[in-house]
Amino acid sequence: MKHIRNFSIIAHIDHGKSTLSDRLIQVCGGLSDREMQQQVLDSMELERERGITIKAQSVTLNYTANDGETYQLNFIDTPGHVDFTYEVSRSLAACEGALLVVDAGQGVEAQTVANCYTAIEMDLEVLPILNKIDLPQADPDRVSEEIEDIVGIDATGATQCSAKTGIGIDAVLEDIVKNIPPPEGEPEKPLQALIIDSWFDPYQGVVSLVRIKHGELKKGDKIQIMSNGQVHIVDKVGIFTPKQTDTGILKTGEVGFVIAGIKEIHGAPVGDTITLQREPAEGPLPGFKKVKPQVYAGMYPISSDEYENFRDALSKLSLNDASLFYEPENSTALGFGFRCGFLGMLHMEIIQERLEREYDMDLITTAPTVVYEIVEKGGNVIHIDNPSALPPVGNIDEIREPIVEANILVPQEYLGNVITLCIEKRGVQTKMAYHGNQVAVTYELPMGEVVMDFFDKLKSTSRGFASLDYNFKHFQPADMVRVDILINGDRVDALAIICHRDASQSRGRQLAEALKELIPRQMFDIAIQATIGGHVIARTTVKQLRKNVIAKCYGGDVSRKKKLLQKQKEGKKRMKQLGNVEVPQDAFLAILKVG
Ligand code: GDP
Ligand code: MG
C-alpha cells in the first residue's frame, strides 16, 4: 500500500487534462506507441469530436521513481465541463491527491477554482501543475501568483510541464510519488469498496469502477451491494492499463473494475458500497450527493411508430448515464414522447446526438426549461418541468424560479461587459474581488437565464476570457408568466415558454418573428400569435407561396428536380405536421435564439 498513489487530474476545460493523461500513460509504458492512439482516454466518438471528456475513466500504471522503487499509480480522468462537475467529485472520492492542471498561458479559470475547492473539501493533497509551458505566451510566474491569489494554495515551485511536447513529465511523476500520500485502509477489515462509476457493456453486463477502502476483493467472491442487499458472484476483477486487464484480485487502497453478472446499472448504483456476503461490513461508506436534472425538454419521435424504439433507446442510454431522467409525456401537438431531464444544455445536446447517431432516431426536441416551484391557492406546493403543466393563473398563489450562484472570473477590461450582461439577465451581485488583473464576481442569477445562452454570451462579451461555474441555491418568488404560441388559432403546447413578466412582451414578439422565419411558406397564409393569459401580444404571418414560385421549383431539368425532392425529403424528416401546417424542428427551439 505504501507504493500506491491514487489521484485525479482536475482543470478547467482545455487546459490539458486529457493530453497530460495520455502522456503519463505513454511515459509509464501503459501502451506501445503503435497502440497509443491520439487521445486514448477520450474514447467515445462524441467525446473525441467535441474534444471533451464526458465519463470519468481510470488507468493503473507502474512507475519506477528516482528512488528506485516501483509505484502503482491509479489515476482517474475527470470531465471539465460545468454540466459534469458531479462526476468530478465522484472521481475525487477515490483519491488521496489531485493534480491541478493550469494552462500557463491562460491562467486560472472558474472551474479551476471550483474543482480545486471540491478537492480541498475532500481533504485531498492538491499539486498545482503549470501546463503548456511550450507556448510563447506562457507566463508561469504570473500564473503561479494567480493560483496563490485566487485559489489560495501554495504554488511556489509548482511543477512546470508541456503535456504536448513531453517536457517536465518526469517531474510531474516525481511530484506525484513524493507529495501525494499513499492510501490508508485495513486489509484485515471486512470489505468496503466504493462504487465510483458503473456502466453497461453489451458483452459483459454491468462493469463497476471501484476503490477498495478496506479488505480485498477476489474473483469468485460472493459480494453484496449494501443499499439493496443483492448478492452476486464476482466473475472478473482487474485494472485498466488502460486496456481492461484481469488480475483476479483488488487489494486495499487499489482502484479497478468488478464484473459480477449484474444486469443493469441500477443494480450497482454509483456511490454505493460493495461488501462480502460471508463477512459484511458494519455499514456503507459515505456516498455521493444525488444529482438532479436541471434542464427539462420534451423529446418526440418524428414518426409515431418510432415510439417503442425510442423508449428502448432511452432505456439503453440511461444504462450508461444515471443522470439522464425520462418519463412518458404526451403533447397535443407532438403526440407521444418523453419528458427528459438533463444536467445542462451540453448534456442535452450530447444525449440528443447519441440518440440520433447510435440509435438512428429522428426526434423533435422542445424548448428546454428549468423547474419552477408553484404555490397553489390553498398552500399546496408543486414543481413543474413543463410550461404547459402550469396551473390556471387563478389557481396560483406564487411562482418561484430557481436561482443559481454563479462564480465568474474575468480580466478587468471585460468586467463592465460582464456586469451589463448579468444585469440584463436579472442578476444580483453578491461578491467582487480583484486578483491582479483578474476579477472574481459572484452573482445570483435565475437558472432559467443561465442554462440557455448565458455561457455563450459571457464568452462573446469577454472575447472568450470570462469563465463560469454555477450551483443551484434556492427557489425565489418571481413574477413569471407563460407565453403561449398559437398557429392558425390553435395553441401549440410544445411551443409555450415561461418567462419573467418584464421580458414577456419582447420574448413573445421575438418568438413570433423567429417562427415566421422558421416555418416554411405553404399553400395558404399561416397566422402566428403570441399570447399571455389569452391576450395577443404579437402577431406575424407566413405568407402563402405564390403559384409561379411553385412552378419554378418543379420546372427545370430532371437532376435538379431530383435534388430538390431529395432535399425536401431530408427536410421532411425534421418536420412535424401540426394541423395542416408543417413545422420544422428548429421552430421548437426558436426560444434559444431570442432574448
Ligand atoms: P482538457 O479539456 O483539459 O482535457 O484538454 P485537452 O487535453 O483536450 O487539451 C486541450 C488542447 O490543448 C488540445 O488542443 C491540446 O492539444 C492542447 N494542449 C494540451 N497540452 C498542451 C501543451 O502542453 N502545450 C500546448 N501547446 N498545447 C497543449
Ligand atoms: Mg479532456
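The values are calculated or read from the model by the stated rules, or taken from the named source; none is laboratory data. This one's a predicted model, so the numbers in the text were calculated from it and none came from an experiment. For neighbour counting, all protein chains shown are included, and Cβ atoms are generated from backbone atoms with ideal geometry for every residue, glycine included. In case anyone asks, the SASA skips ligands and DNA or RNA and just uses the protein heavy atoms, side chains included. Shrake-Rupley method; radii C 1.70, N 1.55, O 1.52, S 1.80 Å.
Structure data summary
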{"quantity": "Subset tally (residues that are touching a residue at least 60 places away in the same chain (Cβ under 8 Å), closer than 26 Å to Val27 by Cα and of a type outside the set (Lys, Arg)) for region 128-169", "calculated": "6"}
{"quantity": "Per-region count, region 2-34, residues over 27 Å from the mean Cα position of the chain (by Cα) and modelled with pLDDT of 85 or more", "calculated": "7"}
{"quantity": "Qualifying residues in region 192-243 (those that are acidic (Asp, Glu) and at pLDDT 90 or above) - the one nearest to Pro284 (Cα to Cα)", "calculated": "Glu216"}
{"quantity": "Filtered residues of region 200-250 (kept if on the phi > 0 side of the Ramachandran plot and outside any strand (DSSP E or B))", "calculated": "Gly215, Gly220, Gly229, Gly248"}
{"quantity": "Residue within region 35-43 that is of a type in the set (A, V, I, L, M), at pLDDT 90 or above, surrounded by 15 or more Cβ atoms within 10 Å (Cβ to Cβ) and within 14 Å of ligand 1 (Cβ to nearest atom) present", "calculated": "no"}
{"quantity": "Residues of region 388-412 that turn out to be outside any strand (DSSP E or B) and either more than 20 Å from Ser331 (Cα to Cα) or touching a Leu at 6+ places or on another chain (Cβ under 9 Å) (or both), as a count", "calculated": "4"}
{"quantity": "Meets criteria (farther than 30 Å from Ile526 by Cβ and touching a residue at least 40 places away in the same chain (Cβ under 8 Å)) for Lys459", "calculated": "no"}
{"quantity": "Members of region 319-357 found to be part of a loop (DSSP other than H, G, I, E, B), open to solvent by 50 Å² or more (accessible area, probe 1.4 Å) and under 21 Å from Lys292 (Cβ atoms), listed by number", "calculated": "Ala322"}
{"quantity": "Gly80, sole failed condition from (1) touching a helix residue (DSSP H, G or I) at 6+ places or on another chain (Cβ under 7 Å); (2) open to solvent by less than 20 Å² (accessible area, probe 1.4 Å); (3) at pLDDT 60 or above; (4) within 12 Å of ligand 1 (Cβ to nearest atom)", "calculated": "(3)"}
{"quantity": "Cβ pairs under 9 Å, 6+ apart, first in region 229-242 and under 25 Å from Arg278 (Cβ atoms), second open to solvent by 30 Å² or more (accessible area, probe 1.4 Å) and of a type in the set (Val, Ile, Thr)", "calculated": "Val237/Thr247; Val237/Ile249; Gly238/Thr245; Gly238/Thr247; Gly238/Ile249; Ile239/Thr245; Ile239/Thr247"}
{"quantity": "Some residue of region 170-180 being among the polar types (S, T, N, Q) and more than 24 Å from Ile4 (Cβ to Cβ)", "calculated": "no"}
{"quantity": "Subset of region 178-228 [of a type in the set (A, V, I, L, M) and touching a Lys or Arg at 6+ places or on another chain (Cβ under 6 Å)]", "calculated": "Ile180, Leu194, Ile196"}
{"quantity": "Within region 416-467, tally of residues that are more than 25 Å from the chain's Cα centre (by Cα) and open to solvent by 20 Å² or more (accessible area, probe 1.4 Å)", "calculated": "16"}
{"quantity": "The one condition in (1) touching a residue at least 24 places away in the same chain (Cβ under 8 Å); (2) among the aliphatic types (A, V, I, L, M); (3) over 18 Å from Pro446 (Cα atoms) that Met345 fails to fulfil", "calculated": "(3)"}
{"quantity": "Checklist (1) at pLDDT below 90; (2) under 18 Å from Asp175 (Cβ atoms); (3) touching an Asp or Glu at 6+ places or on another chain (Cβ under 8 Å) applied to Cys116, failing item", "calculated": "(3)"}
